[in-house]
1. Looking for whichever is within 20 Å of Ile95 (Cβ to Cβ) and basic (Lys, Arg) here; the options are Lys17, Lys3. Which one fits?
2. In the stretch 100-142, how many are closer than 17 Å to Tyr31 by Cα, in contact with a Cys (Cβ under 9 Å, 6 or more places away or on another chain) and open to solvent by 40 Å² or more (accessible area, probe 1.4 Å)?
3. Given the criteria open to solvent by 40 Å² or more (accessible area, probe 1.4 Å) and free of Cβ contacts under 8 Å to residues at least 24 places away in the same chain, does Pro93 qualify?
Amino acid sequence: MTKIQIINGPNLNLLGKREPGIYGTQGFETYLEELRRRYPEVQIDYLQSNHEGDLIDCIHQVGFDYDGIVLNAGAYTHTSVALLDALKAVSTPAIEVHISNVHQREEFRHKSMISAGCKGVICGFGLDSYRLAIEAIVSVNN
Ligand code: DQA
């Protein structure tokens with residue numbers, strides 16, 4: 001069975017309520033149910049944390065035996081050398097995702113500290129960005 005870990009960083013627990021004009025009105029839990037229904041053959045594990053160290057611990061835990069990590073690091077995307085190092089330290093490929101198209105937004109969002117540690121980047125497709133990342137992992141594994 002393909003095993004994928006989705007990791008959501010800070011403020012993504014507020015999806016559905018947070019800036020709905022940018023991030024939409026759907027909460028992540030209901031979206032996750034849809035994803036799991038759509039990919040019954042994939043084990044999709046999920047962690048959300050507002051704390052940088054928790055995201056790093058999760059990368060370490062899954063990073064040597066899962067097939068893929070789908071990482072929306074939220075604002076840590078733009079700041080965290082520690083997350084970059086964690087991604088580089090493990091063997092599981094990670095896909096960086098963003099709900100919004102960060103390149104259409106403020107300039108400080110144009111720079112990602114973590115992209116260099118990721119296999120690829122998907123941004124701007126709303127919550128569908130996560131499904132596209134899962135598709136990418138599944139297609140590599142089949
Ligand atoms: C985000 C974009 C980031 O710039 C922001 O800090 C987030 C969410 C996105 O999914 O579009 O928290 O990663």
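1. Values: Lys17 fails: within 20 Å of Ile95 (Cβ to Cβ).
It is Lys3.
2. Residues flagged as closer than 17 Å to Tyr31 by Cα, in contact with a Cys (Cβ under 9 Å, 6 or more places away or on another chain) and open to solvent by 40 Å² or more (accessible area, probe 1.4 Å) within the stretch 100-142 amount to 0.
3. Working: open to solvent by 40 Å² or more (accessible area, probe 1.4 Å): yes; free of Cβ contacts under 8 Å to residues at least 24 places away in the same chain: no.
No; evaluated as a whole, the condition is false for this residue.
The values are calculated or read from the model by the stated rules, or taken from the named source; none is laboratory data. Fair warning: this is a prediction, and the values are worked out from it, not measured in the lab. Please note: Cβ atoms are built from the backbone with ideal geometry, for glycine as well, and neighbour counts cover all protein chains shown. To get the accessible areas, we keep the full protein, side chains included, count just its heavy atoms, and leave off ligands, DNA and RNA. Shrake-Rupley method; radii C 1.70, N 1.55, O 1.52, S 1.80 Å.
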